[in-house]
Amino acid sequence: MTTILDPTDERKPVHRELTPRPAEITGNVALLDISNPRGSVLLDRLEQRLAERMPGVALQRYSKPTFAKPAPEPLRQEILRDNDFVIEALAD
């Protein structure tokens, strides 16, 4: 069993299941910068490497307005609507 650590203040822990992982990445991939310092540097390099290794995958960049709050609902809906995968960058 996998344990997921959640940094939010949950007085009553929430049980979460891992999403099944596909065998390969295809389609559209969202690269989400959560606005932590140097997150864009990580995503720049990751975007370059993914483009080299997976030329058939479409990469789209997104940014949260601030790392201190969850992504706004319209941004989350846009990412969900337009992408098959999401990679978040967390760096300091």
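Computed values, structure above
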| read-out | value |
| --- | --- |
| Residues satisfying the stated conditions in the range 58-77, i.e. within 13 Å of the chain's Cα centre (by Cα) and charged (D, E, K, R) | R61, K64, R76 |
| Selected residue (only one of R38, R45 is under 20 Å from L90 (Cα atoms) and without any contact (Cβ under 8 Å) to a residue 12 or more places away in the chain) | R45 |
| Residues located in the range 37-82, provided they are at pLDDT below 90 and touching a Phe, Trp or Tyr at 6+ places or on another chain (Cβ under 9 Å) | P37, G39 |
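The values are calculated or read from the model by the stated rules, or taken from the named source; none is laboratory data. What you see is a predicted model, and the numbers here were worked out from it, not measured in a lab. Neighbour counts run over all protein chains shown; Cβ positions are idealised from the backbone, glycine included.
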